[in-house]
Amino acid sequence: MLKVKRNIDVSKFYKLSAFLKRKSEGYKPKNPKVLTLDQIDKFLLEVPDKDFLMIKVALIIGVAGACRGKELHQLTISDVTDMDHALLVNVRNTKNNVDRNFIINNSNKNGIDLIEVCRKYMALRKPETTHSKFFVRYEKSQCTVQAIGKNTFGKIPQKVAEYLNLPNSTLYTGHCFRRTSASLLADSGASIDVWKRHGGWKSASVAEGYIENSINTKKIVGDSIFGLGVGNSTESASAHQVSGSAVSASSASSTSSKNNILQNTIDGANRLLNIVNCSNVNIHVNINTNNKDL
């Protein structure tokens, strides 16, 4: 802002930069906490639809699509398409201007039918609703015509944490669903490219910042270090063989090139001898074929 407003480049103030770095040592930002898969399943199974159906749907869509609270607020009824076997959800007008879409599959894992939970909520939408917002208020097993405000979505993860009696429930903020989705995807073994496409991140470093350090991820790292050591050695040996073959091929090519140069030199010397003989001049040319020297 100093650069924009005052045309002052603070990056040239080296003492100030060093001072700020010293003052920021030891600072750790408080990232929103994430939900585990078991906690999500427990909430969807135990909580009655009578009071928490809208929160369940927000949890399913938010985690399935790595959605921000603002994105859930902007979701319209036309953005959710029922394809019988799955729900296709389109996320538009995102923070980084990268539109994306995702699928909610018809899964009955642990007795939870995610699509039926969403369908139940969608079926309660009143025909007289004048706006197109997907999320409307849900009270006493009925939907109203009033759209849910954007600040309400920031409190939904906290309500989930409070029901599950999780410590520090206030740290489950509006970004909880997005970080939870990224962490669960990372635990499944997906690559960084899949993370970036899923969350709409343009930078790999930004995507990695959303991933919680989970025990499952640490187990995978441990297995990679100790459990696959033999495989790594085999791969290393294979790579060494390939490298050796490449060196041999290069060496053979170099030798062939030297032989060609030698042959050309010998041919040139013979032509020179013929010319000299024609002039009746005695010149001795010594060619050492072993050392390839002329």
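Being over 18 Å from Ile60 (Cβ atoms) and among the small types (Gly, Ala, Ser) is the filter here; which residues of segment 128-171 pass it? Hits for segment 128-171 are Ser132, Ser141, Ala147, Gly149, Ser169.
Taking segment 196-225 as the range and being open to solvent by less than 60 Å² (accessible area, probe 1.4 Å) and at pLDDT below 70 as the test, the residues that pass are Ala207, Gly209, Tyr210, Ile211, Ser214, Thr217. Residues that are touching a strand residue (DSSP E or B) at 6+ places or on another chain (Cβ under 7 Å) and either under 30 Å from Lys196 (Cβ atoms) or not in a helix (DSSP H, G or I) (or both): does segment 147-165 have at least one? Yes, there is a match, as at least one residue in segment 147-165 is touching a strand residue (DSSP E or B) at 6+ places or on another chain (Cβ under 7 Å) and either under 30 Å from Lys196 (Cβ atoms) or not in a helix (DSSP H, G or I) (or both). The set of residues in segment 167-183 that are of a type in the set (A, V, I, L, M, F, W, C) and out of contact with any Phe, Trp or Tyr (no Cβ under 7 Å at 6 or more places or on another chain) comprises Leu171, Cys176, Phe177. If the condition is being at pLDDT 90 or above and either in contact with a Ser or Thr (Cβ under 7 Å, 6 or more places away or on another chain) or farther than 22 Å from Lys50 by Cα (or both), then segment 137-150 contributes Arg137, Val145.
Beta carbons closer than 9 Å, at least 6 apart along the sequence or on distinct chains, pair a first residue in segment 112-140 that is free of Cβ contacts under 8 Å to residues at least 12 places away in the same chain and surrounded by 14 or more Cβ atoms within 10 Å (Cβ to Cβ) with a second that is assigned to a loop (DSSP other than H, G, I, E, B) and of a type in the set (Ser, Thr, Tyr) for Asp113/Ser107.
The values are calculated or read from the model by the stated rules, or taken from the named source; none is laboratory data. Everything numeric in this text was worked out from a predicted model, so none of it was measured. Ideal geometry is used to build each Cβ from the backbone, glycine not excepted, and the neighbour counts take in all protein chains shown. The area values use the complete protein model at the heavy-atom level, side chains included, leaving out ligands, DNA and RNA. Shrake-Rupley method; radii C 1.70, N 1.55, O 1.52, S 1.80 Å.
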